[in-house]
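The values are calculated or read from the model by the stated rules, or taken from the named source; none is laboratory data. The model shown is predicted, which means the values in this text are computed figures rather than measured ones. So basically every Cβ, Gly included, is an ideal-geometry build from the backbone, and we count neighbours across all protein chains shown.
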Amino acid sequence: MGIIRFAVKSSLAGGFVYYSVQEGLWSSAEDSIEFYQRIYNKITPYVKEYVSPEITTGIATVPSATVMIGCTRGVWNKGVKTSFKFLSELPTHMSNGIDSLMSLPAIKGSVESIKGGDQGPAQAKSP
């Protein structure tokens, strides 16, 4: 029974991936927008016709392609800004990380024992 369940789930996932690739979801941005617009135009009339208004009252409408484009641009720009801010502050993050690690007792003791035991032959104490 487990193999059949796995086969059905894998077939559904594989079918979705195949369909989305064939329809252009993973192609250029223009193809993805056209795919979204086609899906939007196909689904909206059925939702308006077959779903009662009591059910759809509390549900937000499916956003149009222009709204999705605006949201995507905003999220992309925020991601780019956040990435560059992180990269510009990376030396500070590294310094703070090293300082916090060096303040741990186990690491502090290990570093001190290495410094204390790393004496050369000329610096060794004679008995």
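Is it the case that the stretch 52-64 has a residue that's of a type in the set (Asp, Glu) and modelled with pLDDT of 85 or more? Walk me through it before giving the result.
Quick first cut of the stretch 52-64, residues of a type in the set (Asp, Glu) only: 54.
This time we only want the ones that are modelled with pLDDT of 85 or more, so: none.
No, that holds for no residue.
Has the stretch 83-91 got at least one residue that is on the phi > 0 side of the Ramachandran plot and either part of a helix (DSSP H, G or I) or touching an Asp or Glu at 6+ places or on another chain (Cβ under 8 Å) (or both)? Give the steps one after another, and end with the answer.
Going residue by residue through the stretch 83-91, those that are on the phi > 0 side of the Ramachandran plot are none.
So far as the stretch 83-91 goes, no, none of its residues is on the phi > 0 side of the Ramachandran plot and either part of a helix (DSSP H, G or I) or touching an Asp or Glu at 6+ places or on another chain (Cβ under 8 Å) (or both).
Tell me, yes or no, whether the stretch 18-27 has at least one residue that is without any contact (Cβ under 8 Å) to a residue 12 or more places away in the chain and among the acidic types (Asp, Glu).
Checked the stretch 18-27: no residue is without any contact (Cβ under 8 Å) to a residue 12 or more places away in the chain and among the acidic types (Asp, Glu).
Of all residues in the stretch 76-123, which are at pLDDT below 85 and either of a type in the set (D, E, K, R) or under 21 Å from the mean Cα position of the chain (by Cα) (or both)?
LYS108, GLU112, LYS115, ASP118
Just to verify a result, which residue in the stretch 23-68, among those that are among the acidic types (Asp, Glu) and under 25 Å from the mean Cα position of the chain (by Cα), is surrounded by the fewest Cβ atoms within 10 Å (Cβ to Cβ)?
Applying the first criterion (among the acidic types (Asp, Glu)) to the stretch 23-68 yields 23, 30-31, 34, 49, 54.
In the following step, the residues that additionally are under 25 Å from the mean Cα position of the chain (by Cα) were identified as 23, 30-31, 34.
Numbers: GLU23: 16, GLU30: 9, ASP31: 13, GLU34: 16.
The selected residue is GLU30.
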